[in-house]
Amino acid sequence: MVKHTWNSKTTDNSSSFTQSQSFGPFFCSKERTSTNHEPSAFRKETYASHLTWTRRCLLIEGKPIPILSAEFHYWRIPDRNRWKRILESYRSLGFNCVRIYFHWGFHSPRQGVYDFQGNRDIEYLLQLCEELHLFVIAAPGPYICAETQCGGFPTWLVAKREIRIRHVAREFIKRWDQQFFEYCKEWYAQFLPILVSHERATHSRGCVIALQIENELMQWLAFFRIGLDKELRSLAELAREMGVYSPIIHNDAMPDGSWTRGKRNRLWWSLGLISSSRRSYRVDLYGMDLYVTWPPDNGDQREGSLFELDIKDILSIVRMSNGNGLSHEATFVPFRNASWKKHRFARAFDKLERTTSGFGGAATSGPVIVCEAQGGWYNQWGRRRTYDDMFTFFGEDHTSNVLVSLLAQGITMINIYMFYGGTNYGCLGDTEVYTSYDYAASIREYGFITNKARKVAAVNLFFRTFANFGLIETERLSRSDEYGVQCSLSNVVICTRWVRKSVSNHEDEVCYPRIAFLRNFSSVSKFTLALQGVAVTCSLEPRQVMLVPCDIPLSDKVVLHISGIQIVVRMKHLDTELWVLSLKDPEVGRIAFRSRVPLILKWCSIDGQYSGTCDPNREDDETSDLTNIPAEELSFGAFRNGTFINDDHLRQDCASLVRREETIGQVYHLSVWKPCFILLSSRENEHGTTTTRDQIRLVCLNSADASTVTCNWMEQERDIWSSQEETSRNPEAIAWGAYRLYFDSQGQLQISCTCSDTNIYFLRQGECPVMFQPMPCVVEQHIPYCFVCVLTDKMRLLSSLSTSSSSFIRWTSPWQSAYLDWNMIPWKPINYATERNPLDHLFTHGHCLYRCNFHIGRRLWLQNELTLKLNCRHLAVVWCNGKCVGSHLTYSHHIVGPGAVNFWDVSYSGNMNYDLTPYLKKNDNGVFENVQQQVIVLIHNFGQGRQPFVVNDVRNPRGLLSASFHGIPVEQVAWYISGRNVSELEDPFNTVGIPLEDKLIGQIVGNNPFRYSREDIQRGDENTRMYYQEMTTLVSSETFQSSSHLSNVVLKLDNSSFLFPVYSSAGMGWWRAKFRLPEILESFDGRLHMPLALCISGNAHCFAWINQLQIARYVAKVGPQTVFYIPCGLLLSDEENVLTIMYYTEHETAQVGIRITPYFVDSKTGNWKNEGFETISDLQPVVIYQFTA
């Protein structure tokens, strides 16, 4: 490994400010120097052979590489056998990089303990990325935000109240905390040595290309300096000391220029606001986040809330329940059928290049990195919108709009946050988010690839494959430039970018490749594009995007001038360009070619039944000149069955070629209106001999097939990822026609198909793959080595099986029940005044319980009522002497108020009064005196704050904030607390905080089911049975079929649905049953994947585990989640699976519905279709068949 000799003055003290006696100038100009004076700056001169950069892009192994990245949270994918599949999906969709937040708290359950094994194995994850040829932007924080508990900090660290987390003393005020930094140093010392061996700067096959320090640490807020230079500088120097040599970046919370200039702070020093004129910290590369679209807020719970002005508390507060709990029926405002604002979107993106270039420093000396480009948005507790609603709001085009708009600004390093969200299993999420972290992302939580993802893939594939023409390092052309693309509509062409250096080697044909970025924010879908007087028609639906290549040389005599058809991907096939085009049925698309030699068109329909030839250079050619037809008339329906030849025969033509003389020379216009294969060749005369030369092959597909295209990147990335010892070569290849197609590192095609897939096409020079057959007509005339795999029979069988009863799970045991006796819980006596905060006991995840024992004192005249005034966060349910009194929820989406999710939780407000009088015990004489009374308060904490920006909310109070008795005097008051100390758990997040929880769900050997063998887990399951032996089995399997009395039995609705009675007087109860996976998963010789969901409904609060992993938190009347994904890697295919449900309710009687079902979703969006609790027989579940070609 290459090592640096760092500046010997780079010590902990060198980062501190020192008082200077001299004054610099009062004002200083903006410094735009490209020199980074930081001791921790990246050494470009040392590592340039592996990693460096230019003004516009990153150079890896000397090649300019666009970094198209997607966020990956391994800690939200608890079953690590899914890591590879999701990363393969990223790869197949055109990404070449992932950014990974490494979660400190996930790896450190308690102080001094770090876990990097099992589903925390970072070494395995980085090796997997290298195997899949995915670069990594590593983001180890220490703060990561990401809507996770404590922003990624360990709970044990947050519990140390003497430490200033992120150096925040209070809101908007920071003071350096050396003790906090020492703990950060401990985390880096554990994590960074793993990272070092995977750096690209020092290893030719390393995956790590950048290290992101901290997260969204703003340097300025308006005119106020809020960031500490020492905070970033110390972490950066610490990383260097530990052997990290990658470029260091930071993600600005918004395009604000933080940490990019490294300018001297003379102004603020001279004003006395800081104590040194030392340069501010400067990163190697400037990074930023970009979020511009938020769903409307009218999905909140509106009715059923009390608006109360508490004179003592001064503030007006809002609660989501009345004194009787959540028992009333609330009326909700439906989620509005809104869409994101186009003008706001354009305003945020279209001046980004100008904005960032004005920052100077790192923003102009290297490529700008968008560390978080919006790929959706998270949802919150209490919203009346679901992730399906949010996916509909963003639509299929938002993320592709984000990507194209950023590329149009010359940004070539982009990370989509999120592209796959994942699951907040247990209590992994922070105060705002519930179990699902679907994020309305392109790949849904259960792994379904949506049309949204495919539209992003089309952009990725185009930009990466056309990068060889120099389209990474480009300059923007003005709108009036004659070399720019013009459009007949405004608000369509964002800009045209061009390569200043010609890529043509012919003296008579100089080409400057250009790319036009189209984003249709008009209401018209058809228009005309023109370049240097040559026009082509184009079709683009509103809100859709398109990349238009211009001036692309195909040979020394033929050039693509401009395309009106969307080009998806290009490759070299038999030393000739091959492009895949996406046709918009039923419309006509056109491409214009400049040529100094005659061109001839050969075409063949996809099925090989029809073919034809078009030679526009012959005088007797009868092809119609479609170039004179107006754009609005160029649709398939405007012609006779697609017939464009001047005869009366109904030929199934697909394309035509017309020659025209333009001002720039001879131009050939290619028109295509049906899917087909096209060969465009030239007739050349050399030394008196006429020869035919292939110029380009085109695969014209309908938009549905084009959306499934993927390609084999191995040959294109050979110089980047292959070691010197590797000599094997993988020919370039493309494939299309299936749900998911992926080329592995050996060049083998991995196929995942659904019931709707029929044919898979494979195009690669070489032998015919297994299960495929050649396409004779296509091979002979147009595109050799084209193969097809017919899936019709197999998919028909799969479809019939998936709609049969074999797609339901099989219950293999009767339901068992248990009830938690409050007296069996280990209670800890506390001083009410100082020890009631659960954070001080590390009872921070999920629930905590309080018990109050008291006696009634001597009553005065007219004192006949006893009221308990409670203030809790967030959901509280109260029992008095075994009877449920009621509940209330204090939770707000605002940043100031009682229960505020972020910033200032007004902790002295949010009280609720409970009348305990009807529930008090009496002695034999019928009086309250001399009888011990007991109150149990069960509090569900939705999560700890995450300390964003300069907000100090990570220690906002939780649990019982205050409690007081009013009315009848009480005495001998004793308070107790109980919960689950998360620092004692192997996985601090896999819990809901209930004492004895581990015994009731079988976590005898530990609460991380991915760390133990199946034998250990089965042993724990056997030990758990003892806790259920004394508890009555609700019903037998025979009773399920005949029971109809819901008051005392479980009602079986169908093969997978059950309805349970629930009573508040029972306190907290548990259900347990076993099941096997559907028979369909055993019906095929290949691998079948069928995601399953746990559906919960009713008016009781439920928490579910499957095989000891907590996968569902259902809060009745708060929601919004009712459908919970069951991670497929958690389920056992050849053994019984265990479902455990914990429940409680504030209602006297309630019902809970439980069902495990396949996903029935819309095939384009992945939105849930099975809304009803009954079985829907006419829907088809998601079933994916996987095999290797």
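Brief remarks follow.
- About the centre of its Cα atoms, the range 1084-1165 shows a dipole size close to 320 debye [charges on the beta carbon of Lys, Arg (+1) and Asp, Glu (-1) only; nearest 20 debye].
- Set Lys557/Lys602; Lys526/Lys584; Lys452/Lys1169; Lys584/Lys1169; Lys883/Lys1117 screened for pairs whose C-alpha atoms are more than 23 Å apart: Lys584/Lys1169
- In loop segments of the range 165-222 as defined by DSSP, the GluC sites (Glu not before Pro) with at most 14 further C-beta atoms inside 10 Å of their C-beta are Glu171.
- Full extension of the chain segment joining Asn864 with Ser357 gains 175.1 nm, where the gain is 0.36 nm per residue of separation less the Cα-Cα distance.
- Cβ-based charge dipole, the range 826-984, positive-most Cα from Leu866, His893, Met912: His893
- Sorted by Cβ density within 10 Å, fewest first, the residues Ile369, Ile751: Ile751, Ile369
- Between Thr792 and Ser756, the simple label model (points 7 Å from Cα in the Cβ direction) yields a spacing of 1.9 nm.
- Least to most buried among Cys789, Cys848 (fewest other Cβ within 10 Å first): Cys789, Cys848
- Put the Cα centre of the range 515-533 next to the Cα centre of the range 896-952 and the gap is 61 Å.
- In this label model, Thr692 and Phe116 are separated by 6.1 nm, measuring between points 7 Å along each Cα→Cβ vector.
- A simple spin-label model places pseudo-atoms 7 Å from Cα toward Cβ; at Gln746 and Lys572 they are separated by 2.6 nm.
- Residues His893, His37 arranged by fewest to most Cβ contacts within 10 Å: His37, His893
- Span from the the range 743-776 Cα centroid across to the the range 166-183 one, whole angstrom: 57 Å
- Alpha carbon centroid spacing (whole Å) that separates the range 570-613 from the range 53-127: 39 Å
- Sites Ala974 and Met254 - FRET efficiency at Förster radius 41 Å, r taken between beta-carbons, to 0.05: 0.20
- Charge dipole (debye, nearest 20) of the range 826-984; +1 at Cβ of Lys and Arg, -1 at Cβ of Asp and Glu: 120 debye
Throughout, read-outs are computed from the coordinates displayed, never taken from laboratory work. From a predicted model like this one, the values you see are computed outputs, not experimental measurements. With ideal geometry, Cβ positions are generated from the backbone for all residues, glycine too; neighbour counts draw on all protein chains shown.
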